[in-house]
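**Q** What follows is a single structure, and I will ask about it in a moment.
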């Protein structure tokens, strides 16, 4: 195999195995930063040996064993790590002296290890930004450059963020474990929040030239599916998986031939991915079958399901959607939720009813710079024939958004409303 092909194969294998590898090494070393370094050392060893020797039959186990040997060598070299030598060195050396069962080396407790790693990377001791970066680095397998590009920050900034996150976990002596009792529920909410934020940034990028970043959505969905298998009795996990699958089913219809934004009601539903819809509805059924009161993600998945089940935009059950937003607002009060409920009311009961609710939100501080508030208001005003007012709202919304694709759509709507107003005036 040519060296270039071998290197591509190795990089692909490493991306597939990295999370399990780092999780297993963290269990042994109790240090996320050290575990990632050992995983990188194993990758370097593979890059040197596999092009000549060939890819082993169980590459993940090979990488684990190589990383263990590097750990032993490091313990022997560094006198400052004598304490860790006593704690974990004997266990590692015993593994090396016995003919290793390479399958067991990688797969032993792998589910528990991955779950522990997810909870560690999403620990509340870290800022939300740090949790996002560390999760994508350790569990998503993305490079620092890829993460920086996705969140539109310089690579050195992202690198520092990741380094600080690992240092914070070490200094705080965060245990490598799945929490129990009440702490589990609190920490699970943090984990789900991180996965959902990653998905949302891919689904509707907050800034930049791209409307969609599918790679981020795919990573979030992969993490969600892993979490659903590791925590099968948690309905909110299945709810989040359902929500992401159902939202992702619209990808192909959300942009036009030139990459322009296509709004939900204008989308060609024949382009929606029916496999993802079936998977999403199945995940929602799993959540509901647990007979636990619906949480925020289950409710949002139920909202997405209303759209997925409608064969045409006209068949959408807007009254049910409004009721679900009402339930979501009771569970998780938010002006953004109320804005979405206003949209549903506007569709179910008419634009005047929707506009009254939107106008009641105008003074909300949280919506002061939220571009969707004037966008929604502009849409309702246009439906009422108040085109001059609608034009002003679309112009304001375009000035507030940082996404260039979305800005182009809003400016197009501004121009349409402006011309309509001029036509009425003449």
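Laboratory data are not the source of any read-out in this text; all were calculated from the coordinates shown. Values in this document were obtained by computation on a predicted structure and should not be read as measured data. All Cβ positions, even for glycine, are placed from backbone atoms using ideal geometry, and neighbour counts span all protein chains on display.
**Q** Cβ neighbours within 10 Å, averaged per peptide: list 394-400, 252-258, 275-281 in order, most packed at the top.
**A** Sorting 394-400, 252-258, 275-281 by mean packing, highest first, produces 394-400, 275-281, 252-258.
**Q** Another question, if that's okay. Can you tell me the 0 to 90 degree angle between the C-alpha axis of helix 155-171 and the longest principal axis of the chain, rounded to 10?
**A** Helix 155-171 sits roughly 60 degrees off the main axis of the chain.
**Q** Could you estimate the translational diffusion coefficient of the range 110-231 from the Stokes-Einstein equation, with Rh from the Kirkwood formula over C-alpha pairs, at 25 °C and 0.890 mPa s, in whole µm²/s?
**A** 168
**Q** Could you tell me the extents of the range 211-347's C-alpha atoms along the three principal axes, largest first, rounded to whole Å?
**A** 42, 33, 25
**Q** Using only DSSP helix segments of four residues or longer, with each worth -39500 (n - 2.57), what per-residue ellipticity at 222 nm results for the chain after dividing by its residue count and rounding to 500?
**A** -23000 deg cm²/dmol
**Q** For the ranges 159-166, 239-246, what's the packing order if you count other beta-carbon atoms within 10 Å of each residue, average per peptide, and put the highest first?
**A** Per-residue Cβ counts within 10 Å, averaged per peptide and sorted highest first, yield 239-246, 159-166.
**Q** Tilt of helix 128-138 relative to the longest C-alpha principal axis of the chain, in degrees (0 to 90, nearest 10)?
**A** Result, in degrees: 50.
**Q** On a 0 to 90 degree scale, rounded to 10, what angle separates helix 387-400 from the longest Cα axis of the chain?
**A** 20
**Q** Can you give the convex hull volume of the alpha carbon atoms of the range 369-426 per residue, in Å³?
**A** Considering the Cα atoms of the range 369-426, their hull volume per residue is 55 Å³.
**Q** Based on the mean of other Cβ atoms within 10 Å per residue, sort peptides 180-187, 384-391 so the most packed one is first.
**A** Taking the mean over residues of other Cβ atoms within 10 Å, the ranking is 384-391, 180-187.
**Q** Quick one: 41, 379, 112, 314, fewest Cβ neighbours within 10 Å first, how do they rank?
**A** 314, 112, 41, 379
**Q** Specify the residue with the greatest mean-square fluctuation among 271, 30, 407, computed from a Gaussian network of the chain linking alpha-carbon atoms under 10 Å apart.
**A** Comparing 271, 30, 407 in the GNM, the peak value goes to 271.
**Q** Can you tell me the convex hull volume per residue for the chain, based on C-alpha atoms, in Å³ to the nearest whole number?
**A** Per-residue hull volume (Cα only) is 172 Å³.
**Q** Hey, what does the equivalent ellipsoid look like for the range 269-398, semi-axes from the Cα gyration tensor as sqrt of 5 times each eigenvalue, largest first, whole Å?
**A** 29, 18, 13
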